[in-house]
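As structure tokens, the structure follows; a few thoughts come after it.
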Amino acid sequence: MPPGGETVVGKCFRFVSLLLASLSLLIASPLTAEEFRSPSLSALRVDWRAALDQLRTEISSRPQIAGDFIFVPRRSVPRYDSRAMPALVQLNAVSGQFFTGIARSSIPVLLPFDAAAYREAQRNAAAPSQSLARYQADFSPVDMFDAGPAGYSASFSLDPGAGDGMPVRVFARPVEVQITGSALIYDVADPAGGKGEQVKSLTTLYPDLRRFIREGYVRYAFTRFGVAYVVSIQCLDSIAKPRRLACKEAYPVAERFLKALRVAGGQRMRPLMDVASDVVDRPAERSADFSYRPSGDIIPNTGYRKQGGHPDVMAYAQIRFPLEKAPAVVRSQSYGRRDKLDGPTAYPWRDNFCESRSFEVWQCNGGYGHQGEDIRGADCPPAGEGSGRCDPKQRAVVAVRDAVVVRGIKDQAATLEVNSRTEHIRFRYMHMNPQTMNADGVLNGRMVTEGEKIGVVSNYLDHPAGTSMHLHFDVQLFTRDGWIWVSPYVTLISSYERLIGARGREIGPEIAGASQPVAHALPEDVIKPDLREGLGREEN
């Protein structure tokens, strides 16, 4: 069997299995307007023996500390007890000083951290006087680290001028590198998935590595120990500028990062199970007011090159609606004046996921769209109606799930990442004031609970009043191509119905083309490599 791979027979069997699973879902009774579906996920099996072999090789390069790690399995304890692999327990104790909770990862954690070199320096009393970057290939201390039952995510930065042998670059800011490893992969019928090109300088280390530009990131996807890993850097496929990182300038940074990756921790746990798609439960009672137009029914001529939207019946997660209170509406903030319905803050809702933007979005016709949905708090009722006061500038925004915050202190966006045995998903909120979020402690690494207030509906872009008063909300799933955007429209409908305790009513014409049932993606080894171009980021 090839390293980190599978036999040809295994690949053929997997392809046939995935194809049959896709066909069975497509042939099944068609979904009606009354049905939403949850996604399906595939659970990968971790080869811990291979991970221990790599760790042993890395440790043996430092004979002085090689005896500190015990690689003989302890058979007197249960198989999934952490003590069964003592070397991992010892490694987690070293790495856990800098990567909190690393032992919670159910997969081997690959990071640009040389634990053996650090342990050797620590024994020689050198570590306290040395910068941690010395043991991280000159990358700064970790900006974000989160580990859990599905895997882990981390981000590091390389400062300008840091790193011996690095080419001079025009971009004058630190370059952020992200890595995610996961044993859970969302099954999506993604025609763009699995593409990319080899990188000759990395072929020996990563035989199956693919490099490609997708949705504003250059990505390096590979498999090791049976697990999917993706390293990515946000960049533009354009000319380098002091305030704009060109993807060609990102390549050497990512490749330095990949060459520095070592086994830094993780712990063997009970294998994850595949998650099957199912019809989502919805309230039985009908709402007298709440109505919505079908998924994919964007305002005419607002899509990329006037193309239409993308029907998608997936409720990708069962979440708490992101605004604290109803009523609220999903409605375009960019093209609202073109919508001749009941006004910008009244029902029915209307999808705006595929409105024309310069963001690459694989689900949208032509490949470009909005990435998420604009949400507005409904207008305050006239004076004297209802009880309680209403301030349209104080519509509370709440956490949709128990999750960890992923956010830089200058970001007007906050991302919540859920990492569990059945999900590996992200939810991003945009246009909240960064200074206010900082003051409220909505910072990188913070754990928030479902329903907890994390901000208010605002209009911040790069400055106050940079956009209209609304919340941009989007959803990202982890796939073999890394984190990709999917339509959150039906997810929001489903969560709003639970908030109001009643089912909405779909109105409007049928959308051309069938709704998209959940389907397994084709294996990446049956798709020709290709390097996609990416575009930059603008207002959401």
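Could you list the residues of the stretch 49-82 with an amide nitrogen less than 13 Å from a label point located 7 Å from the Cα of ARG123 in the Cα-to-C-beta direction? Residues passing the 13 Å test: 59-70. Estimated at 0.36 nm per residue, the fully extended path between MET447 and ARG83 surpasses their Cα-Cα distance by 128.2 nm.
Could you order the peptides 403-415, 260-272 from most to least packed, using the average number of other C-beta atoms within 10 Å per residue? Show your work: numbers first, answer last.
Working: 403-415: 19.3, 260-272: 21.5.
The packing order, highest mean first, is 260-272, 403-415.
Only one residue of TYR152, GLY196, GLN234 has its Cα farthest out toward the positive end of the dipole of the stretch 151-256, where Lys and Arg carry +1 and Asp and Glu -1 on Cβ, and that residue is GLN234. When restricted to Cα atoms, the stretch 425-466 yields an Rg and a Dmax of 10.9, 30 Å, respectively. Here the Debye sum runs over all C-alpha atoms of the stretch 197-316 as equal scatterers in vacuum, and log10 of I(q)/I(0) at q = 0.15, 0.18, 0.20, 0.21 Å⁻¹ comes out as -0.96, -1.04, -1.12, -1.16.
Largest first, the three principal axis extents of the alpha carbons in the stretch 89-237 are 53, 40, 27 Å in whole numbers. Note down the net charge around ARG407, summing +1 for each Lys or Arg and -1 for each Asp or Glu among other residues with Cβ under 14 Å from its Cβ. It works out to a net charge of -2.
No lab work stands behind these numbers, since they all come straight from the coordinates. The shown structure was predicted, so the numbers you read here are calculated from the model rather than taken from an experiment. Note: ideal-geometry Cβ built from the backbone for every residue, glycine included; neighbour counts use all protein chains shown.
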